[in-house]
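Encoded as C-alpha cells, the structure appears first; notes follow it.
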Amino acid sequence: MKYLLQAGLGALALAQSALAVAPASARPFTPSDMVGLRRVSAPAVSPDGQWLAYQLRVTDLAGNRGRTDLYLLDLSQAGAAPRMIASVADKNESAPAFSADGKSLYYLSNQSGDDQLWRVALTGGKSEQVTQAPGGISGFLLSPAGDRVALWADRPVGAKTLDDVKAAPRPARARAGSMTNCSYAIGTCGRTASVPGYS
C-alpha cells in the first residue's frame with residue numbers, strides 16, 4: 001500500500017511539473033477541438049489475422065457535418081499504410097465485418113439513400129449492394145459459416161417484417177419504439193426466415 005501511494009504521488013508530481021513547463025503558445029482544449037478530432041472505431045480483424053478494417057469519422061466544422069469512411073490495413077507488413085476501401089464521396093460507410101473466407105468486407109452504407117448492407121472484395125473493385133430493405137437497416141451480424149446474415153432495423157410499433165415501414169395502430173400499452181429482425185441468405189438476398197419482432 002505504501003509503494004502504491006508513493007507511486008501515485010510521484011505520478012501526480014510529474015503531471016504537475018509537465019503542466020508547469022507547458023509552452024507559452026499552449027491554449028486550453030476547446031469543444032471545437034473535441035468535435036474536430038478524427039475518431040477511429042469499429043475495428044475488425046480478418047479470419048486469417050492479416051487485415052484490420054476500421055471506420056474513421058472526420059468532422060467538417062464549417063459545413064456542420066461529419067462522415068465516416070472505411071480503411072484497410074495489412075497487418076502482415078511492418079509500416080504498412082492504411083488504404084481507404086469502398087469509399088463514395090459524400091456518403092457514409094461504417095460497421096466493417098469480414099466474410100468467413102476473409103475475401104470480402106461487408107459494411108453499412110447510405111450510398112443508395114438509406115443505410116443498407118454492402119459487400120466489396122478486399123482486392124478492391126466495385127461494391128455490391130446486398131440488401132434493399134425499405135427504410136434501411138440499423139445493423140447486421142454475419143453467421144460464422146458466412147452463408148446468412150441477421151439484420152435489424154428500427155420500425156414502427158406493430159411491424160412484423162423489415163418491409164413494414166408504415167405505422168401500425170398502436171395497442172393500448174405499446175412502447176414508443178419497435179425493432180424487427182430478419183435473416184437473409186447471402187448471395188441470393190432472398191429472405192429465408194423471419195424472426196418475430198418485439199416491442
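The values are calculated or read from the model by the stated rules, or taken from the named source; none is laboratory data. It should be emphasised that the depicted structure is a prediction, and the values quoted were computed from it without experimental measurement. In this analysis, Cβ positions are derived from the backbone assuming ideal geometry, glycine residues included, and neighbour counts consider all displayed protein chains. The protein model used for the area step is the full one, side chains on, heavy atoms only, and it has no ligands, DNA or RNA in it. Shrake-Rupley method; radii C 1.70, N 1.55, O 1.52, S 1.80 Å.
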A145 fails exactly one of (1) open to solvent by 60 Å² or more (accessible area, probe 1.4 Å); (2) closer than 11 Å to A53 by Cβ; (3) in contact (Cβ under 8 Å) with a residue 40 or more places away in the chain, namely (2)
Residue set A174, A193; condition among the aliphatic types (A, V, I, L, M), open to solvent by less than 40 Å² (accessible area, probe 1.4 Å) and at pLDDT below 50; output residue A174
Before we move on, is P43 at pLDDT 95 or above, in contact with an Asp or Glu (Cβ under 9 Å, 6 or more places away or on another chain), over 18 Å from G124 (Cβ atoms) and surrounded by 10 or more Cβ atoms within 10 Å (Cβ to Cβ)? no
Exception for V21 within (1) open to solvent by 80 Å² or more (accessible area, probe 1.4 Å); (2) modelled with pLDDT of 90 or more falls at (2)
Picking from D147, D90, the residue that is more than 16 Å from the chain's Cα centre (by Cα), under 22 Å from R39 (Cα atoms) and not aromatic (F, W, Y) would be D90
Those residues of the stretch 77-94 which are surrounded by 21 or more Cβ atoms within 10 Å (Cβ to Cβ) and either modelled with pLDDT of 95 or more or among the acidic types (D, E) (or both) amount to E93
Test G8 against the stated conditions and say whether it is modelled with pLDDT under 95 and in contact with a Ser or Thr (Cβ under 6 Å, 6 or more places away or on another chain).
-> no
Over the stretch 25-40, the set of residues of a type outside the set (A, V, I, L, M, F, W, C) and open to solvent by 60 Å² or more (accessible area, probe 1.4 Å) is S25, R27, P28, P31, S32, R38, R39
Considering the stretch 106-134, residues that are under 15 Å from the mean Cα position of the chain (by Cα) and within 15 Å of G146 (Cα to Cα), and then whichever is most open to solvent (accessible area, probe 1.4 Å), we arrive at R119
Those residues of the stretch 107-151 which are under 19 Å from Y71 (Cα atoms), part of a loop (DSSP other than H, G, I, E, B) and among the hydroxyl-bearing types (S, T, Y) amount to T123, S127
Counted residues in the stretch 55-90 being more than 28 Å from T30 (Cα to Cα) and not in a strand (DSSP E or B) come to 12
